[in-house]
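The structure appears below as structure tokens.
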Amino acid sequence: MSRGLPLSILMLLVLSSPQARAWDPVSERPGLPIVSTAGEDGAMSLWRNPANLAFDQDPSYGILYSQTIDETGDAGVAAARNLGPIGIGGAYRSSPAGEGWWTVSSGFGLKLGEHLSVGTHLGWQIPEGPENNFVTWDLGLGWRPFSWMGMSVIAQNIGDPAPDLASINDFDGQVEEKYGGGIVLRPIGNKLLIGADYLFTDLFSNDDSTTPSPDGLLEGSVRLSPVDGLVLRAYINDELTVGGGLEVFFGRHGVGANAQSPIDDADGSPRALLYATSSQNGERLFGSGRRVAGFVIDEVYPYQPQTGLLGSRSGESYMSLLNRIKKASTDPGVRGIFIHLEQTPFSVAQIQELRSLLQDARSQGKKVVVYLDRSTSNGAYLLASAADRVLLHPAASLNLVGLSAELRFLAGTFDLVGIGAQYVKRAEYKSAPEQYTRTHASSASREQINALLDQTFDKMVEDIADSRSRTVEQIARMIDEGPFTGQEALDQGLVDALVYPDQIEEQLKALHPRNPNLDLRYGLEGQMQGWRAPNEIAVIYVDGVIVTGKSRSSGGLLSPGRQAGSETIVRQLTQARRDPSVKAVVMRVDSPGGSAFASDEIWRAVERLKRRDKPVVVSMGGTAASGGYYVAAGATAIYAEPGTVTGSIGVYSGKFNVEGLYEKLGVSVEQYTRGRNAAMYSLSRPLDENEYAAMDRMVADTYRQFTEKVRQGRRMSEEEVEAVARGRVWTGTAAKENGLVDELGGFPEAVSRARQEAGIRPRAEVALITYNQRGSTAGELTRSTVQAMLGLESGDASALLPPEVALIHQWHQLSSEPVWAVMPYTLELR
């Protein structure tokens with residue numbers, strides 16, 4: 001659409017395309033901007049079609065002032081606000097004689113599925129004068145089956161609550177029942193909305209005839225956004241009343257003006273409307289040239305925070321943070337990025353993923369500043385070192401000390417209490433059972449943990465050296481001398497300044513003249529979209545220990561950790577396969593593995609999705625090993641960060657024997673069986689030779705299936721797979737060298753690959769969607785709301801447990817599974 005669209009073309013669109021009514025002369029609801037019943041969301045849909053409150057639940061507001069431009073001076077004010085799908089509002093209108101009319105409104109929208117919503121509005125009408133109060137009730141329906149079309153059905157003032165307004169002070173006319181609906185077309189998305197509405201009253205004539213005789217009004221409007229931050233509106237109805245409007249946005253807020261007038265002056269009075277409102281996506285017409293996108297990292301960032309009934313979240317998700325920084329790195333209206341690091345709850349791979357975004361921003365000419373406050377760990381400094389300037393709190397120390405790893409072994413403890421552990425594994429590097437069966441690491445385990453530490457440390461030193469213009473030898477020597485006081489870190493050139501929080505603004509001014517505008521809420525607006533995009537990429541998470549059943553977040557101290565349930569993930573992959581608007585899937589895997597059976601179920605769902613010609617691109621997080629690699633093996637492409645821990649192609653099975661503990665406690669057991677191996681999983685006795693052999697056969701067959709899936713998915717020979725399998729753990733860099741992943745990169749790169757594989761044009765509109773964002777039932781939303789209120793979804797409670805107890809809990813999570821595909825440990829950068 002041309003920026004200089006002539007007014008004549010705009011009016012031609014208006015005259016040829018009817019849509020929503022701009023002004024409602026009835027007193028029970030305020031005058032509104034030129035909007036449609038089908039096309040637009042936000043707080044002011046409370047008075048037009050409350051069903052639209054359910055589509056885009058981002059908080060928004062509207063403040064309006066209307067005025068009749070004639071001798072009567074009829075005026076009104078109104079305000080509306082929505083919190084999730086709930087809207088509230090109030091309005092006041094004066095009559096020509098100066099009498100007042102108050103309205104207090106509330107509304108609620110509910111999604112019935114991915115495309116359909118219903119809503120209701122109650123208006124408490126309070127005209128001046130005794131005993132004049134009454135209540136109006138509206139119902140609305142919204143249907144958006146396609147990205148380019150939506151429809152609506154509305155019923156206003158149901159029940160004819162106050163038919164004769166002439167008896168209420170000086171207001172003329174009637175509050176009548178109204179029915180109707182509309183259709184809206186979006187040929188180029190939110191840039192242009194064209195549609196039509198029809199509202200009618202008096203469905204039957206007053207002579208008791210059964211022949212419909214509606215008194216209706218056909219209306220049309222166009223909403224055009226030729227450039228970001230500018231909206232033009234126009235209106236016409238079949239009574240030849242015309243109108244126009246203009247809105248200008250300055251980030252989160254905007255102002256607008258509408259005017260309406262009948263072509264024939266005898267048919268009514270001109271009216272004007274001034275209003276302030278919030279923007280949908282934080283767009284702005286005039287870039288200040290001074291904006292700095294700010295981010296305060298002070299919480300744990302799960303992949304999927306819980307969303308409640310009111311649209312509230314327990315916290316920002318990691319993907320939201322990642323996408324906001326990505327947006328800032330490419331936004332032409334942003335001059336720089338500022339990050340305040342209060343904690344660094346990220347894996348090695350996530351830190352590398354975030355570093356890449358900061359480096360991209362610097363390549364775009366944006367200045368990046370990172371402030372280290374409470375968090376000054378290895379990981380915090382690795383992330384901060386990607387900035388142009390690293391600032392440190394004067395009272396803080398820089399804990400750049402290198403990497404260490406601890407393996408804990410429980411066999412000695414089990415011997416003391418009379419517990420034995422019997423496990424079968426494939427193969428020698430599958431060292432996960434060693435924590436239960438040994439008092440020290442095997443040589444294979446030591447080999448791979450040292451290789452992981454060497455590669456991770458070397459990459460960390462290399463990245464810091466490149467970012468701080470030092471040699472690898474210099475940074476390695478500094479790490480050996482750490483930790484550092486603030487002054488020592490400054491003297492060594494590891495940080496650029498020691499500043500208190502109140503001095504940060506001065507540092508930003510030094511980099512950005514003309515008083516930079518620091519926006520600490522950058523990108524938080526408009527994260528939900530009321531419309532589906534013409535092309536969608538579904539993002540599906542395999543996050544946590546893989547189990548059969550449904551996915552679960554942490555449920556408190558008695559059930560800590562995240563569980564990636566195969567039932568949930570398979571259902572989401574099936575939805576993506578059947579959904580015509582989904583062109584590709586990005587599967588984010590951050591899992592140490594788990595149940596081999598559940599992993600195979602997910603692998604099968606990926607295969608079925610690919611057969612529908614929908615590519616599946618895997619983006620590996622901090623860990624994607626064992627079962628986490630199993631589910632990724634058949635993907636179209638696999639992306640990993642250099643610090644991702646992956647591989648561990650191996651399985652094991654076994655059990656605990658508490659016979660000795662029972663003896664110490666005086667517990668006697670009698671066992672009755674039918675079948676040679678019926679009691680092989682009993683905890684009260686060890687496996688005998690035959691039972692051990694049976695378990696070994698199961699493990700061998702599962703290992704064969706696992707390696708065969710890898711061979712097919714990675715197009716490798718059996719010998720090539722066996723050379724990188726046997727339970728061996730690899731970093732992302734080594735995995736790429738060995739053919740287990742395709743490219744080194746993060747989530748943004750995986751999305752770009754998914755677009756390419758799906759054949760989506762580079763400039764085409766694409767939305768990333770998750771299936772817990774749409775189609776949720778009211779029961780699911782209510783449950784998540786209650787959990788958030790009780791604090792049951794506030795984070796990973798396993799972090800509160802001693803490591804030894806966490807190991808036992810992982811065993812408990814998988815105790816019902818016959819064969820496990822779990823990596824022996826995770827690697828975190830602290």
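The values are calculated or read from the model by the stated rules, or taken from the named source; none is laboratory data. On a predicted model such as this, the values are computed, not experimentally measured, just so you know. In this analysis, Cβ positions are derived from the backbone assuming ideal geometry, glycine residues included, and neighbour counts consider all displayed protein chains. Just so you know, the surface numbers come from the protein's heavy atoms only, side chains and all, with ligands and any DNA or RNA stripped out. Shrake-Rupley method; radii C 1.70, N 1.55, O 1.52, S 1.80 Å.
With K and R counted +1 and D and E -1, the other residues having a Cβ less than 12 Å from that of residue 608 yield a net charge of +4.
The length gained by stretching the chain between residue 765 and residue 692 to full extension, at 0.36 nm per residue less their Cα-Cα distance, is 20.6 nm. Just the protein heavy atoms count here, and of the accessible area of segment 442-543 at 1.4 Å, carbon and sulfur take up 45 percent. Loop-located trypsin sites (Lys or Arg not before Pro) in segment 577-659 (DSSP state other than H, G, I, E, B) with a sparse environment of at most 14 neighbouring Cβ atoms within 10 Å: 612. Computed from the C-beta positions of residue 517 and residue 416, the FRET efficiency with R₀ = 56 Å rounds to 0.30. Label 7 Å along Cα→Cβ of residue 715; segment 728-749 residues with amide nitrogen under 19 Å? Counting only backbone N, you get 735-744. Available extension along the chain between residue 533 and residue 737 is 69.7 nm, counting 0.36 nm per residue and deducting the alpha carbon span.
If R0 is 30 Å, the Cβ-Cβ spacing of residue 92 and residue 255 corresponds to a FRET efficiency of close to 0.90.
Dividing the mean sequence gap of close Cα pairs (under 8 Å, 6+ apart) by how many residues segment 605-718 holds gives a relative contact order of 25 percent. A simple spin-label model places pseudo-atoms 7 Å from Cα toward Cβ; at residue 453 and residue 578 they are separated by 5.1 nm. The rule of thumb for compact globular proteins, 2.2 N^0.38 Å, goes into the C-alpha radius of gyration of segment 680-722 1.64 times. Could you give me D for segment 425-566, from Stokes-Einstein at 4 °C and 1.567 mPa s, where the hydrodynamic radius is the Kirkwood radius over C-alpha pairs? Units µm² s⁻¹, please. Translational D for this selection: 59 µm²/s. When only Cα pairs below 8 angstrom with a gap of at least 6 residues are kept, segment 549-661 shows a relative contact order of 22 percent. Binned at 10 Å from 0, what are the whole-percent values of the Cα-Cα distance distribution for segment 310-413, short to long? Values per bin, smallest distances first: 14, 39, 28, 12, 5, 1, 0.
Each Cα pair of segment 80-124 feeds into the Kirkwood radius, which the Stokes-Einstein equation turns, at 37 °C and 0.692 mPa s, into a diffusion coefficient of 269 µm²/s. With both labels modelled 7 Å from their Cα along Cα-to-Cβ, the residue 296 to residue 264 distance reads 6.1 nm. Taking label positions 7 Å along the Cα-Cβ direction at both residue 671 and residue 238, the computed distance is 8.4 nm, reported to one decimal.
FRET efficiency for residue 363 and residue 756, Cβ-Cβ distance as r, R0 = 30 Å, nearest 0.05? For residue 363 and residue 756, the calculated efficiency is 0.90.
Each Cα pair of segment 367-487 feeds into the Kirkwood radius, which the Stokes-Einstein equation turns, at 20 °C and 1.002 mPa s, into a diffusion coefficient of 125 µm²/s. Cross-link pairs exceeding 18 Å between alpha carbons, from the set 610/736; 430/550; 425/655; 326/366; 367/459; 550/709: 610/736; 430/550; 367/459; 550/709. Here the gap between residue 708 and residue 227, fully extended at 0.36 nm per residue and compared with their Cα-Cα distance, gives a gain of 167.8 nm. Let me see the pair-distance distribution of segment 484-622: every alpha carbon pair, 5 Å bin width, integer percents in order. Distribution as computed: 2, 8, 12, 13, 11, 9, 8, 9, 9, 9, 8, 2, 0 percent.
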